[in-house]
Amino acid sequence: MNRPLPSASEEGAHLLGLHHGNAAEAMKVLSAQFAVIQSRTQLLLTLATLTLTITGFSGPRIAHSGAFARYALSGGLGLVLVGVVALLWGSLRIRWLTQYIDADPAQALTAMIAQRNHRTAWFGVQLVLLVSGLAAYVAAVIAYLLQGDASGSLPG
């Protein structure tokens, strides 16, 4: 049975209730959730960086192997670059939890949860961009391995 996700205000009230009104304890839970988003974003950034680094060494040779490899490599790198920009613009932007100031702790928690939800949604977009880019990149490498370089010789 799939229940719909609670609203940010429902989740904030529930979280505050779980911690018997202790907003500091509730903030610790949210802080840990933001850390998960941050670490997963860093993993995606590492994958993107590896892709760009490897392309510097092997990209020209792959591109010479044929039109499909050239277009797939170019498209893949473009998607990875857009994904990196989305990572930097979205999930890696800093907003400290202590900046959510409100006289009502439930309202502050609601704002934090809304921000977490926004970053989670952005993470999904970033993931789609990077996975699409990596898939196109891998397709270019496979085409290179199947076709060889422009001279007709196989790699290696």
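Quick note: the coordinates plus some simple rules give every number you see, no bench work behind them. Computed from a predicted structure; not experimentally measured. All Cβ positions, even for glycine, are placed from backbone atoms using ideal geometry, and neighbour counts span all protein chains on display.
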Segment 97-115 and segment 24-61 have their Cα centres apart by a whole-number Å value of 26
In Å, the Kirkwood hydrodynamic radius of segment 1-48 over pairs of distinct alpha carbons?
12.6
Can you work out the Karplus-derived ³J(HN,Hα) for every residue in segment 54-69? Use 6.51 cos²θ - 1.76 cosθ + 1.60 with θ = phi - 60°, whole Hz, and x for glycine or proline.
4, 5, x, 8, 10, x, x, 5, 5, 4, 6, 6, x, 5, 4, 4
State log₁₀ I(q)/I(0) for the chain at q = 0.12, 0.19 Å⁻¹ as given by the Debye formula over alpha-carbon point scatterers of equal weight, solvent excluded.
-0.64, -1.05
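Based on the mean of other Cβ atoms within 10 Å per residue, sort peptides 104-114, 14-24 so the most packed one is first.
104-114, 14-24
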Cα pair distances of segment 17-108 binned at 10 Å [whole percent]
14, 31, 21, 15, 11, 7, 1
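Largest first and in whole Å, what are the equivalent-ellipsoid semi-axes of segment 78-118 based on the Cα gyration tensor, each being the root of 5 times an eigenvalue? Write down the numbers at each step before the final one.
Details: eigenvalues 171, 17, 4 Å².
Each semi-axis is √(5λ); the values are 29, 9, 4 Å.
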